[in-house]
Each structure stands twice: as structure tokens, then as C-alpha cells.
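Q: Next up is a structure, given as C-alpha cells.
Values in this text are rule-based calculations from the coordinates and carry no lab data. Please read all numbers here as calculations on a predicted model, not as lab measurements. We place every Cβ from the backbone using ideal geometry, glycine too, and count neighbours over all the protein chains shown.
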Amino acid sequence: MSDRYRCADCNLEFVPKYVGNGPRCPSCTRTEAMEPADGSALQSDIWRQWLLVFALLFIAGVAYLVFG
């Protein structure tokens, strides 16, 4: 489990003093919108975006060969 969290509401990244039932954002004091602050989610989003670009280029190339 990550020791750093990111609040989805105010986008603050922090290390909680007490985790208890769940970490509490020190800025907006919410507990529901906490996410572990690791870079893996961002990396998977980047890969999905590039996969979409290459898929569209592949489809455009096949369409050009078939209809062109």
C-alpha cells in the first residue's frame, strides 16, 4: 500500500499522519476521494492514448490500401 495519497477533489498529494478508517485530506478534509499517489495510473493512461493513435493509423492505412 502506498504511503502517499492524492485527493481527487483538490488534487493535493500528501502523506497522512493517521490512516485509521481512511486518510483525510489536510486541505479540504474529505475522506472519500483519496487515491494512492503512484505514477502507474498515469503511465497506463499514456499507453492507452498511444495505442489508440497507432490503431487509428493502422486502420487508416488499411483503408487507404483497400479503397485507394
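Q: For the chain, what value does the Rg/Rh ratio take when both radii are computed over Cα atoms and Rh is the Kirkwood radius, given to two decimals? Mind showing how you got there, number by number?
A: Values: Rg = 20.1 Å, Rh = 14.7 Å.
Reported Rg/Rh, Kirkwood definition of Rh: 1.36.
Q: Could you check the spin-label model distance between residue 67 and residue 15? Points 7 Å from the Cα along Cα→Cβ, value in nm.
A: With each label placed 7 Å out from Cα toward Cβ, I get 5.7 nm.
Q: Which angle between 0 and 90 degrees, to the nearest 10, do you get for helix 40-67 versus the longest principal axis of the chain when only C-alpha atoms count?
A: 10
Q: Once the piece of chain linking residue 60 and residue 27 is laid out straight, how much longer is it, given 0.36 nm per residue of separation minus the C-alpha distance between them? Present the calculation step by step, with values, prior to reporting the outcome.
A: On the way: separation 33, 0.36 × 33 = 11.88 nm, distance 4.75 nm.
Gain on stretching residue 60 to residue 27: 7.1 nm.
Q: Counting other Cβ atoms within 10 Å, keep those with at most 12, restrict to DSSP loop, and tell me which chymotrypsin sites (Phe, Trp or Tyr not before Pro) in region 7-68 are left. Display every interim value, and only then the final one.
A: Details: sites: 14, 18, 47, 50, 54, 58, 64, 67; in loops: 18.
Here the sparse-neighbourhood loop sites are 18.
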